[in-house]
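The values are calculated or read from the model by the stated rules, or taken from the named source; none is laboratory data. For clarity, every value in this text was computed on a predicted model and none was experimentally measured. So basically every Cβ, Gly included, is an ideal-geometry build from the backbone, and we count neighbours across all protein chains shown.
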Amino acid sequence: MGNRGGILAAAGVLALLTACSPAEPVASPATTPVPSTTKPVPTSDAPALGPGPGSPPQTTPQPPPPHSPGEITSACPFLGVTDISAAMGASLNSHAVEAEPNREFTPPVYRCDYVARAGGGQVHELYVAAVVGGGRLEAILKDWTQDCEGPAVPLAGATGTARTCALTGTKKGDVMVLVAKKVHGQTRLAELDLRPNRNEVYVRLAQLLLDRL
């Protein structure tokens, strides 16, 4: 057993001596709890809980809007929800969703849907396209305004080619704001379909689109 046997024998003698001796009261030393300075160790690798119900939605910083990019590959970057809210002087509870481009046309037509957060209904729509070459601007505008209830009229106050009209058909009751710009060897168009609003709102939105096309 080696040294372990000697330790056990000494412990037995000490126990006999202790049993024959009168017991003495042992005072318990007073102890003061020491505050812990270490952080608790996580018991799980699960991520922290997110904001509870009713918390404002988290926002993701968006890239700056384009200013006449060399190539057009989407529509939403040209007009954000915050841009529309600022132009209207109202806070819109909606978000922008890039739709699949319509490639039945040449060039393809890019579309951005502005969808209400409550209920998911469609609020506005933005279409953007770039026609290669100069082309006859008036002919292109006439082709793009076929859904107008009457002739599209120039939008006074916008620096550039801008038209507006009341829509008919499936979008009857809405208003079209259409802008066109010749740049980068293309004729670029942007059409925003929205609910009726003040004329100055149309001008602000048209100017934003003209500057960014």
Tell me, yes or no, whether segment 78-95 has at least one residue that is under 20 Å from residue 211 (Cα atoms), polar (S, T, N, Q) and out of contact with any Ser or Thr (no Cβ under 8 Å at 6 or more places or on another chain).
-> yes
Selection status of residue 209, assigned to a helix (DSSP H, G or I) and either closer than 21 Å to residue 98 by Cα or of a type in the set (Lys, Arg) (or both) = yes
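Matching residues to (1) surrounded by fewer than 19 Cβ atoms within 10 Å (Cβ to Cβ); (2) among the hydroxyl-bearing types (Ser, Thr, Tyr); (3) in contact with a Gly (Cβ under 8 Å, 6 or more places away or on another chain):
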position	(1), (2), (3)
119	yes, no, no
136	yes, no, no
147	yes, no, yes
163	no, no, no
190	no, no, no
203	no, no, yes
211	yes, no, no
In segment 130-146, what residues are in a loop (DSSP other than H, G, I, E, B) and not small (Gly, Ala, Ser)?
-> 136, 145, 146
Quick check, is residue 186 crowded, with 18+ Cβ neighbours inside 10 Å, over 29 Å from the mean Cα position of the chain (by Cα) and under 25 Å from residue 107 (Cα atoms)?
-> yes
Any chance segment 166-181 includes a residue that's at positive phi and surrounded by fewer than 20 Cβ atoms within 10 Å (Cβ to Cβ)?
-> yes
Please state which of the following conditions residue 189 fails to meet, knowing it meets all the rest: (1) of a type in the set (A, V, I, L, M); (2) at pLDDT 95 or above; (3) out of contact with any strand residue (DSSP E or B) (no Cβ under 8 Å at 6 or more places or on another chain).
-> (3)
Do we find that residue 125 is among the acidic types (Asp, Glu) and surrounded by 14 or more Cβ atoms within 10 Å (Cβ to Cβ) in this structure?
-> yes
Looking at segment 104-117, which of the residues that are of a type in the set (D, E, K, R) and either in contact with a helix residue (DSSP H, G or I) (Cβ under 8 Å, 6 or more places away or on another chain) or in a strand (DSSP E or B) (or both) is surrounded by the fewest Cβ atoms within 10 Å (Cβ to Cβ)?
-> 113
Could you check how many residues of segment 147-161 are in contact (Cβ under 8 Å) with a residue 24 or more places away in the chain, assigned to a strand (DSSP E or B) and closer than 12 Å to residue 179 by Cα?
-> 1
Near pairs, Cβ below 6 angstrom, 6+ apart or cross-chain, from segment 58-85 (outside any helix (DSSP H, G or I) and modelled with pLDDT of 80 or more) to any residue that is surrounded by 15 or more Cβ atoms within 10 Å (Cβ to Cβ) and aromatic (Phe, Trp, Tyr) = 74/110; 75/110
